[in-house]
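The values are calculated or read from the model by the stated rules, or taken from the named source; none is laboratory data. Small disclaimer: the values here were computed from a predicted structure and weren't measured. Using ideal geometry, Cβ is built from the backbone for each residue, glycine included, and neighbour counts are taken over all protein chains shown. The area values use the complete protein model at the heavy-atom level, side chains included, leaving out ligands, DNA and RNA. Shrake-Rupley method; radii C 1.70, N 1.55, O 1.52, S 1.80 Å.
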Amino acid sequence: HVIKDAKSVRIVQYGKNVKTIYASIYKVDTEVDYAILKVGKGVFESKIVFLKDKQELDTPVIHCGSFCELHHSLTKGTLVGVDRKWGAWKCVDQLDITAYHGSSGAGVFDNQGRYLGMVIGGAGNGITVMVPSRLIDFVPK
């Protein structure tokens, strides 16, 4: 829902040196509500492992994103629901962390740093939903 009408995409990578990366939109799935962006080869130092298995309830999670303009925020929580219907979304997983405006698109990882999904919304304190990585059906090489 965040990127669907975008003409271009700019990624700002924070760290020792702030770096701006321009990306192209590779794929948009409006039904599941995710987009895959394509960046140049070698832009990122490590590869992300997308877990394709359904995770168990109470799996510890780490949400890495931006809360109300506070960049590089980490929030720890747990997976509290799987395969839920939420609004227009047919299948989301629920977390017990709080998402704010600007959290959509942020990654959710397990304790080993493996990608579990992408935040798409929330409904108040401690209720956040994500598109699970098992539903993201294409990762560009």
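Before moving on, here are some points about what is shown:
- Among the conditions (1) within 16 Å of the chain's Cα centre (by Cα); (2) modelled with pLDDT under 70; (3) open to solvent by 70 Å² or more (accessible area, probe 1.4 Å), the only one that K16 does not satisfy is (1).
- Residue match in segment 41-61 (condition: modelled with pLDDT under 80, open to solvent by less than 90 Å² (accessible area, probe 1.4 Å), over 21 Å from D110 (Cα atoms) and aliphatic (A, V, I, L, M)): yes
- Every residue from segment 71-104 that is within 15 Å of the chain's Cα centre (by Cα) and open to solvent by 90 Å² or more (accessible area, probe 1.4 Å): H72, L74, K76, Y100, H101
- Among (1) assigned to a strand (DSSP E or B); (2) out of contact with any strand residue (DSSP E or B) (no Cβ under 6 Å at 6 or more places or on another chain); (3) at pLDDT 90 or above - the single one D83 does not satisfy: (2)
- First in segment 84-110 and under 14 Å from Q55 (Cβ atoms), second anywhere and among the β-branched types (V, I, T) and surrounded by fewer than 20 Cβ atoms within 10 Å (Cβ to Cβ), Cβ under 6 Å, 6 or more apart: D93/V82; Q94/V80; D96/T78; D96/V80; F109/I62
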